[in-house]
Amino acid sequence: MNFTTFKQSLSSSSPPDTSVYLQALWYEAKGDWDKAHVLIQDLPDKNAAWIHAYLHRQEGDTWNADYWYSKAGRKRPATSLQEEWEGIAIALLSE
């Protein structure tokens, strides 16, 4: 799957058959922050921490977001939320 196909899947009623990370991004983009958070919150790796950070940044919880960025080995970006979402999706799709 490429980024264009992934973005187009947002017009569907269910996420594509892909990783839990991309499913979390899909649900967040569809407005279901809670579902995205449930999918990602207990995963112990850096990709999960990155998405977890993004989710808390999106909700405006900067302190919590910075904690998760640290766990991901990243710093909070100076980009828009949309740009960060796209960057995460592109990075995960290229793995």
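Tell me the net charge near Lys71. Cut-off is 11 Å between Cβ atoms, Lys71 excluded, with +1 for each Lys or Arg and -1 for each Asp or Glu.
Values: positive: Lys46, Arg74; negative: Asp45, Asp66.
Residues near Lys71 contribute 0 overall.
Checking the cross-link filter: which lysines have an alpha carbon closer than 16 Å to that of Lys30, excluding same-chain neighbours under 8 positions apart?
Lys7
When only C-alpha pairs under 8 Å and at least 6 residues apart count, what is the relative contact order of the chain, in percent?
Contact order relative to length: 24 percent.
So if I restrict to the alpha-carbon atoms in region 1-80, what is the Rg, and what is Dmax, the biggest pairwise distance, in Å?
12.5, 34
Rounding to the nearest 20 debye, state how big the charge dipole of region 1-92 is about its Cα centre with +1 on each Lys and Arg Cβ and -1 on each Asp and Glu Cβ. Kindly include the intermediate steps, with their values, before the conclusion.
Values: 9 positive and 12 negative charges, 46 e Å.
That gives region 1-92 a dipole magnitude of about 220 debye.
Dipole of the chain (Lys/Arg Cβ +1, Asp/Glu Cβ -1, origin at the Cα centre): which of Gln8, Leu81, Gln41 lies farthest to the positive side?
Farthest along the dipole direction, towards plus: Leu81.
Using the alpha-carbon atoms, what tilt in degrees (0 to 90, nearest 10) does helix 81-93 show relative to the longest principal axis of the chain?
With both axes taken from Cα atoms, the answer is about 70 degrees.
Under 21 Å Cα to Cα from Lys46, which lysines show up? Leave out anything in the same chain fewer than 8 places away.
Here the lysines satisfying the reach criterion relative to Lys46 are Lys35, Lys71, Lys75.
FYI, it's all coordinate maths here, none of it is from the lab. This structure is a prediction, so every number in the text was calculated from the model and none was measured. Positions of Cβ are backbone-derived with ideal geometry, glycine not excepted, and every protein chain shown enters the neighbour counts.
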